[in-house]
Amino acid sequence: MKTIRIGNGCGFWGDSVDAPIRLAQRGKLDYLTLEYLAELTMSILALQKQRDPAAGFAGDFLDVLQRLAPTLGQQPKLKIITNAGGMNPLACAQRAREILQKAGLARRIAIVSGDDLLPQLDELVPTHPFTNLDTGAALQSIRPRVVSANAYLGAKPIADALAQGADIVITGRVADASLTVGPAMHEFGWKWDDWDRLSAVSVAGHLIECGAQVCGGLWCRWREVGDWSDIGYPFVDLADDGTFTISSDAGPGVTRETLIEQLLYEVGDPARYLTPDVVADFTSVALEPADARTMHVAAARGTSATDTYKVSIAYRDGYMASGTLTIAGPDAVAKARLCGATLLKRIGHAFARSNVECLGAGACAPGLQPAADAARLAEVVLRVSVHDPDKTKVERFAKEFAPLVTSGPPGVTGYTTGRPQVREVFAYWPALIEKSVVQAKVEVLA
């Protein structure tokens, strides 16, 4: 029975830059996937591209690729699948090609695009209202403030790129699990309506897409992880019947508990997990230990994919700033709350939203710390945050933090960081669009 090994060395933009190198060196992989994108990330990349047409992709990938070059030289069959292209897959691929050429490596790079709907958004809105899935509102109400609109493509263009001989596939926005589905469809030649196998490999992709989370990261039994400095990143050995085992290159491996925690991560209805490729039934899978650090997964079931893509839209939504001060000494909690209220009162106007928190006194986990215990604390961190459409109001807030050091109660020991930075806020607008409207494109660089 044919098997392939797919490992994921990155769960988000900002994840460990060492993990992909260690996983590639130790994992004996056929495919290395690197997942960089989130909803907020796309809006950040869109603004970067507006300022610089050569930007708009996850730059960490280029650093990782440069460090991977020696391993790629030793493992010529290792292929890389990544969505690091973000808003600019072509620019990312061109920079990647320069790195490989400088390292003396001949690798075919393909890009997958077509997910970016912003250039044609005005043409689409009259017949496709992009109704907000949470509120029911039509996109037209915030159209002038939209900065990005990207459909979550599926695995087919990735499989097509591999069929055209690509060694590295760089995509824009695709569904996270599809980074794993694409290689499987290419290697095994499964049909695109083989819903059970598509469901199985989507389960595999979902389990490894967040990197170390399935290997003990965020695990409730965190004391059993052991060496947190080398927790390990996951890989799956996928068979052509759709069954697979999942383990990691280091750390405690994967247990039934860590697997289930990740399986249910960011899932609405586990019996109907919607992807561009299939509707997967997570409740159908059978889990059995293969050894002390490896789980075996089988019996996944799926049904036909929907006729729509999810669209992630980001739009400008005012400005915010958040500042922190350390408050020490007797009655620290009371002094912190007084400082927060005083700060907002001195400014002299209301904000669209404001929030005063005493970190260390139960603000992060309300109800877990008895009020009497919190009152006795001799050290807390005050965090005050504001949000408003008027940038000048937020800038005024940022300048009012420092006076509390000398014009507040005793024990205000100073900033934990510098003056609060005023930042533009990007809000999230989830919508759907018919698949027939979106045209994925595959291009292999010459």
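The values are calculated or read from the model by the stated rules, or taken from the named source; none is laboratory data. Please read these numbers as outputs of a predicted model, since none were measured by experiment. Glycine also receives a Cβ, built like all others from the backbone with ideal geometry; neighbour counts cover every protein chain displayed.
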Practice prompt. Would you point out which residue out of Gly9, Gly14 is surrounded by 24 or more Cβ atoms within 10 Å (Cβ to Cβ) and of a type in the set (Gly, Ala, Ser)?
Written response: Gly9
Worksheet entry | Qualifying residues in the stretch 296-318 (those that are polar (S, T, N, Q) and touching an Asp or Glu at 6+ places or on another chain (Cβ under 8 Å)) - the one surrounded by the fewest Cβ atoms within 10 Å (Cβ to Cβ) | Ser304
Discussion item. Just the residues that are touching a Lys or Arg at 6+ places or on another chain (Cβ under 8 Å), among the β-branched types (Val, Ile, Thr) and within 26 Å of Arg223 (Cβ to Cβ), please, taken from the stretch 255-297.
Written reply: Thr255
Worksheet item: For the stretch 279-295, what are the residues that are buried (at least 17 other Cβ atoms within 10 Å of the Cβ), of a type outside the set (D, E, K, R) and closer than 18 Å to Val267 by Cα?
Response: Val279, Ala280, Phe282, Ser284, Val285
Discussion item. Testing Ala365 on (1) over 26 Å from Ala38 (Cα atoms); (2) small (Gly, Ala, Ser); (3) outside any strand (DSSP E or B), one condition comes back false. Which one is that?
Written reply: (1)
Worksheet item: Which members of the stretch 56-76 meet the condition of being surrounded by fewer than 22 Cβ atoms within 10 Å (Cβ to Cβ), among the small types (Gly, Ala, Ser) and either touching a Cys at 6+ places or on another chain (Cβ under 8 Å) or in a helix (DSSP H, G or I) (or both)?
Response: Ala69, Gly73
Practice prompt. Go through the residues of the stretch 282-291 one by one and say whether even a single one is closer than 17 Å to Ser199 by Cβ, in a strand (DSSP E or B) and in the same structural domain as Lys28 (by TED's automatic domain parsing).
Written response: yes
Practice prompt. Can you work out which of the residues in the stretch 319-334 that are of a type outside the set (A, V, I, L, M) and farther than 15 Å from Ala363 by Cβ is surrounded by the most Cβ atoms within 10 Å (Cβ to Cβ)?
Written response: Tyr319
Worksheet, complete the sentence: Residue pairs within 6 Å by beta carbon, gap of at least six or interchain, first lying in the stretch 138-162 and closer than 30 Å to Phe188 by Cα, second among the acidic types (Asp, Glu), listed first then second, are Asn150/Asp115; Asn150/Asp116; Ala151/Asp115; Leu153/Asp115; Gly154/Asp277; Ala155/Asp277
Fill in: Residue selected from the stretch 17-35 under the condition in contact with a Ser or Thr (Cβ under 7 Å, 6 or more places away or on another chain) and buried (at least 23 other Cβ atoms within 10 Å of the Cβ), by the criterion farthest from Pro119 (Cα to Cα)
Ala24
Item to complete: Evaluate the following for Pro252: is it assigned to a loop (DSSP other than H, G, I, E, B), closer than 30 Å to Pro420 by Cβ and modelled with pLDDT under 95?
Response: no
Fill in: Among (1) among the basic types (Lys, Arg); (2) more than 29 Å from the chain's Cα centre (by Cα); (3) within 19 Å of Arg419 (Cβ to Cβ) - the single one Arg383 does not satisfy
(2)
Worksheet item: Which pairs do you get when a residue that is assigned by TED's automatic domain parsing to the domain that holds Gly165, found in the stretch 73-94, comes within reach of a residue that is part of a helix (DSSP H, G or I) and at pLDDT below 95, reach meaning Cβ atoms under 6 angstrom, with the pair 6+ apart or on two chains?
Response: Gly86/Leu45; Met87/Leu45; Met87/Ala46; Met87/Lys49; Asn88/Lys49
Worksheet, complete the sentence: Restricting the stretch 77-91 to residues that are among the aliphatic types (A, V, I, L, M) and surrounded by 24 or more Cβ atoms within 10 Å (Cβ to Cβ), the one modelled with the lowest pLDDT turns out to be Met87
Fill in: Residue within the stretch 403-425 that is touching a Gly at 6+ places or on another chain (Cβ under 9 Å) and part of a helix (DSSP H, G or I) present
yes
Practice prompt. Considering only residues that are among the basic types (Lys, Arg) and not in a strand (DSSP E or B), look in the stretch 368-392 and name the one that is nearest to Tyr315 (Cα to Cα).
Written response: Lys391
Discussion item. Checking the conditions here, which among Gly408, Gly418 is surrounded by 18 or more Cβ atoms within 10 Å (Cβ to Cβ), farther than 30 Å from Pro126 by Cβ and not acidic (Asp, Glu)?
Written reply: Gly408
Practice prompt. Return yes or no: is Leu338 assigned to a helix (DSSP H, G or I) and either outside the structural domain of Phe397 (by TED's automatic domain parsing) or more than 34 Å from the chain's Cα centre (by Cα) (or both)?
Written response: yes
